[in-house]
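The values are calculated or read from the model by the stated rules, or taken from the named source; none is laboratory data. On a predicted model such as this, the values are computed, not experimentally measured, just so you know. So basically every Cβ, Gly included, is an ideal-geometry build from the backbone, and we count neighbours across all protein chains shown. Protein only, heavy atoms only, side chains kept; ligands, DNA and RNA dropped before computing areas. Shrake-Rupley method; radii C 1.70, N 1.55, O 1.52, S 1.80 Å.
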Amino acid sequence: MKNKIFLSVCFFAIGLFGFSQNKITLEDIWLKFSFRPAPPPVYLFSDNGDYCITQDNEMNIVKADILTGKPTETIVNVSEVKGFNKNIDLNSFELSKMEKYLLITTNQEYSYRHSVSAKIFIWDLKNKKLFQLSNGDKIMFPKISPKENYITYVKNNNLFITELASQKETQVTKDGEWNKIKNGWADWVYEEEFSKADMFEWSDSENYLSYIKFDETNVKEFSMDMYNGKVYPDQYKFKYPKAGEENSIVSLHIYDLKNNKDIAVSISDNKDIYLPRIKWLHGQDVLCYTLLNRLQNHLQLLTYNLKNGEVKKILDEQSDTFIEINDYLTFINGNKNFIWLTNKDGYQHIYMYDMTGKQVQQITYGKFDVDKIVFINEKKKEIYFTSSEMGVINRPLIKINFDGKNKKVVHTGIGFQNADFSPNGTFFVLSKSTANEPSAYYLYQNDKLVKELESNAALKEKMKNYTLTQKEFYKFKTSEGIELDYWIMKPINFDSTKTYPVYMTAYNGPGINRVNNAFEYDYWFHQFLCQNGYIVACADGRGTFGKGKAFMHCTYLQLGKLETQDQIEFAKYLKTKRYVDTKNMAFQGWSYGGFMALNMITKGSEYIKAAIAVAPVSNWKFYDNIYTERYMRKPSENTAGYEDNSPIKYVKQIKGKLLLIHGAADDNVHLQNAMEFVNAAVNNNIPLDYFVYPNKNHGIFGGYTRLHLYNKIFGFLESNLKN
């Protein structure tokens, strides 16, 4: 009887109080990274797609059966490589397509935010020899030629070619100089805003190497102090063209290997122009290059024929707003046609053109945007892509024929998906996640699911040990009748009869969405806040992606105006909920989101009590010209657009509390933005909390930095939203 009574009491206690659950800590999230999902499985498909390349337990590089994952043949024996250099590490490697050479990367060092220099070793698989490129100097962008006779790279701002058989190095350019001339390496603003750092390409014949030269001479320098414990700080200077300022002058060149000759291609009489992409046609000594005007609303595709020097225009596209650069240009049908992505009909869709620029086929249709082209199977005349057609919060993987027929969803359309294809298209690894479920990875063969490669079962099991809330998706209409998507996460043990403080967050920059049915690492900080009694909510206002050109481009020439109106509308909408503590609402954002946070605490100050702005732009005239002018034009052409939407102008309207955070070594959004805002606040006697992270860039990370930052954010919320 006593045992039965004791058990009854236990079950009563469990029913009343629930099972004991672990609590999420900021140390778990930002120091231990306890909730980091398992990475995707390493599936490096061979060039013919019949097997994959991976590493075994001894770190040997092996061929493996795609279906079973079991090793079938050793390609590189690590002990043989270490026989030449016992300290070499094969963790970072690249196998050439023809499997003649292995590139081993060591001693990596970032030059800008994305470009990396490193020491490169080459392992000759046939002769089993190891040698170091360029006398062991650090190089950038090593790229093996199509027939694998040469390797090209950038060193000291110049282009070099090494013949792999003889290891003979040839210097292609000799005028390279830091902060002056760059050959084959994009300047800072191209790398950041056109998303490409290496600017050279081999022709299939290996007879020619095309490259772009950047003359930065007239571009103004920006400097940052680096604090390294010295009596005087180090100063880092680099070329950074701000809105309205001079750009690098670019020129297009082709190096003729046989004749050791440099050919200068005349691209335009206008020097104030962008040259963001170059691409050789398959099997031909014909180079295609992209020209984009300074306003970025007129794009041309042109070809240059090495045989006769003939230049042909194959596409001319204009917009009343702007045109963005992508990497989906693909030549097909023996270079008779090409695939192109454009929003010329009001939504972003896939098209086929002939080489005169005539439209042959619009491949996708509908009131949705194609997000990206994932794979083009020319043999089967099929295209795989992701889009917003199953709701803007989802990105399903979809397949369609070249003629626009037989469209089908490859995998269930709920959530965010992507795929990595074998070169022949037979196999692909598909990734899929939802807002409340970490990524899983699946192997497909001929569009049929073969097996699950990684389920993230360990993380999912760990998640059961925590009381978690669900991220819920909804829509609301603004006072202007505009429908916006949002998500909301409610506190643990939510009680609709109680009220809770609200933490709003957003990015809301052009084409960037945060209301995604995808698993993101911020999920854990948001769960931490919900665990501590906060409502967390996010809305995508106008200017974001997936609802057509009109919705995304309506913020043109006035960045921040409509987006702030929409975030204010969202705050007002949340205030209609009985469970919202209307007097205790905060807004947090980073980068463009930080710009939005400054707008909310100024223009929207009567709707929120506090704001947290991390690495914010405070006036677009302080930001780089490619990004800013794409959406705002030059300051001289749009003075009102810049000044009327700068939070600095509205500092006097601040009523609540502001925490402003910036990295002192932010080469992207400069500390200048924060300093100018603080200066305006001081001049108007407006109090704010301000914190600068020395030597930290736009990401503000490293060591304890993120933990420190999020402790500061949480402490600010606790002090100002919970009284």
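Summary of values
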quantity	calculated
Of all residues making up the stretch 280-292, the number that are over 15 Å from SER210 (Cβ atoms) and open to solvent by less than 40 Å² (accessible area, probe 1.4 Å)	1
Selected residue (criterion: nearest to the chain's Cα centre (by Cα)) from residues of the stretch 458-471 that are of a type in the set (S, T, N, Q) and more than 13 Å from ASN22 (Cβ to Cβ)	GLN470
Residues of the stretch 140-174 classified as over 19 Å from ASP187 (Cα atoms), among the polar types (S, T, N, Q) and in a strand (DSSP E or B), total	3
ASN228, sole failed condition from (1) modelled with pLDDT under 95; (2) under 27 Å from PHE322 (Cα atoms)	(2)
The stretch 695-722: number of residues that are open to solvent by 60 Å² or more (accessible area, probe 1.4 Å), in a helix (DSSP H, G or I) and farther than 23 Å from THR582 by Cβ	3
Meets criteria (crowded, with 20+ Cβ neighbours inside 10 Å and aromatic (Phe, Trp, Tyr)) for TYR650	no
Scope the stretch 545-565; condition under 20 Å from TYR642 (Cα atoms) and either part of a loop (DSSP other than H, G, I, E, B) or among the charged types (D, E, K, R) (or both); matching residues	CYS554, THR555, TYR556, LEU557, GLN558, LEU559, GLY560, LYS561, GLU563
Of all residues making up the stretch 399-410, the number that are open to solvent by 50 Å² or more (accessible area, probe 1.4 Å), assigned to a loop (DSSP other than H, G, I, E, B) and β-branched (Val, Ile, Thr)	0
Residue list for the stretch 529-576, restricted to those being hydrophobic (A, V, I, L, M, F, W, C), in contact with a helix residue (DSSP H, G or I) (Cβ under 7 Å, 6 or more places away or on another chain) and crowded, with 21+ Cβ neighbours inside 10 Å	VAL536, ALA537, ALA539, LEU559
Tally of residues being under 12 Å from THR342 (Cα atoms), open to solvent by 30 Å² or more (accessible area, probe 1.4 Å) and touching a Phe, Trp or Tyr at 6+ places or on another chain (Cβ under 7 Å) across the stretch 362-381	1
Residue in the stretch 582-596 that is nearest to the chain's Cα centre (by Cα), counting only those that are of a type outside the set (A, V, I, L, M, F, W, C) and either assigned to a strand (DSSP E or B) or surrounded by fewer than 19 Cβ atoms within 10 Å (Cβ to Cβ) (or both)	GLY589
Among the candidates TYR384, TYR351, residue that is open to solvent by less than 50 Å² (accessible area, probe 1.4 Å), over 27 Å from THR434 (Cβ atoms) and in a strand (DSSP E or B)	TYR351
Filter pass, GLN296 being outside any strand (DSSP E or B), in contact (Cβ under 8 Å) with a residue 60 or more places away in the chain and open to solvent by less than 10 Å² (accessible area, probe 1.4 Å)	yes
Residues of the stretch 267-279 satisfying the condition of being surrounded by fewer than 17 Cβ atoms within 10 Å (Cβ to Cβ) and either in contact (Cβ under 8 Å) with a residue 24 or more places away in the chain or in contact with a Lys or Arg (Cβ under 7 Å, 6 or more places away or on another chain) (or both)	ASP272
The stretch 463-502: number of residues that are surrounded by 14 or more Cβ atoms within 10 Å (Cβ to Cβ) and not polar (S, T, N, Q)	20
Selection from the stretch 511-527 of residues that are assigned to a loop (DSSP other than H, G, I, E, B) and not β-branched (Val, Ile, Thr)	GLY511, ASN513, ARG514, ASN516, ASN517, ALA518, PHE519, GLU520, TYR521
Subset of the stretch 393-443 (residues that are among the basic types (Lys, Arg) and in contact with a Gly (Cβ under 6 Å, 6 or more places away or on another chain))	LYS432
Residues satisfying the stated conditions in the stretch 62-102, i.e. among the charged types (D, E, K, R), within 21 Å of PRO41 (Cα to Cα), open to solvent by less than 80 Å² (accessible area, probe 1.4 Å) and not in a loop (DSSP other than H, G, I, E, B)	LYS63
Sole exception among (1) under 16 Å from ASN508 (Cα atoms); (2) free of Cβ contacts under 8 Å to residues at least 24 places away in the same chain for GLY589, by number	(2)
Flag if TYR444 is open to solvent by 20 Å² or more (accessible area, probe 1.4 Å) and of a type in the set (Phe, Trp, Tyr)	no
Number of positions in the stretch 203-247 that are touching a strand residue (DSSP E or B) at 6+ places or on another chain (Cβ under 6 Å) and among the aromatic types (Phe, Trp, Tyr)	5
Top-ranked residue of the stretch 411-468 - restricted to ones that are of a type in the set (Gly, Ala, Ser) and assigned to a loop (DSSP other than H, G, I, E, B), ranked as nearest to PRO41 (Cα to Cα)	SER455
Number of positions in the stretch 10-57 that are exposed (fewer than 10 other Cβ atoms within 10 Å of the Cβ) and either at pLDDT 90 or above or among the β-branched types (Val, Ile, Thr) (or both)	0
Residue count for the stretch 214-250, restricted to those that are within 25 Å of PHE160 (Cβ to Cβ) and open to solvent by 30 Å² or more (accessible area, probe 1.4 Å)	3
Identity of the residue in the stretch 175-192, part of a helix (DSSP H, G or I) and in contact with an Asp or Glu (Cβ under 8 Å, 6 or more places away or on another chain), that ends up most open to solvent (accessible area, probe 1.4 Å)	GLU192
Selected residue (criterion: most open to solvent (accessible area, probe 1.4 Å)) from residues of the stretch 106-131 that are out of contact with any Asp or Glu (no Cβ under 8 Å at 6 or more places or on another chain) and charged (D, E, K, R)	LYS126
Single match in SER203, SER195, SER134 (criterion: open to solvent by less than 20 Å² (accessible area, probe 1.4 Å), of a type in the set (S, T, N, Q) and touching a residue at least 60 places away in the same chain (Cβ under 8 Å))	SER203
Yes/no for TYR579 being in contact (Cβ under 8 Å) with a residue 12 or more places away in the chain, of a type outside the set (A, V, I, L, M, F, W, C) and surrounded by fewer than 19 Cβ atoms within 10 Å (Cβ to Cβ)	yes
Residue satisfying condition, being without any contact (Cβ under 8 Å) to a residue 24 or more places away in the chain, over 23 Å from the mean Cα position of the chain (by Cα) and part of a strand (DSSP E or B), within set TYR503, TYR474	TYR474
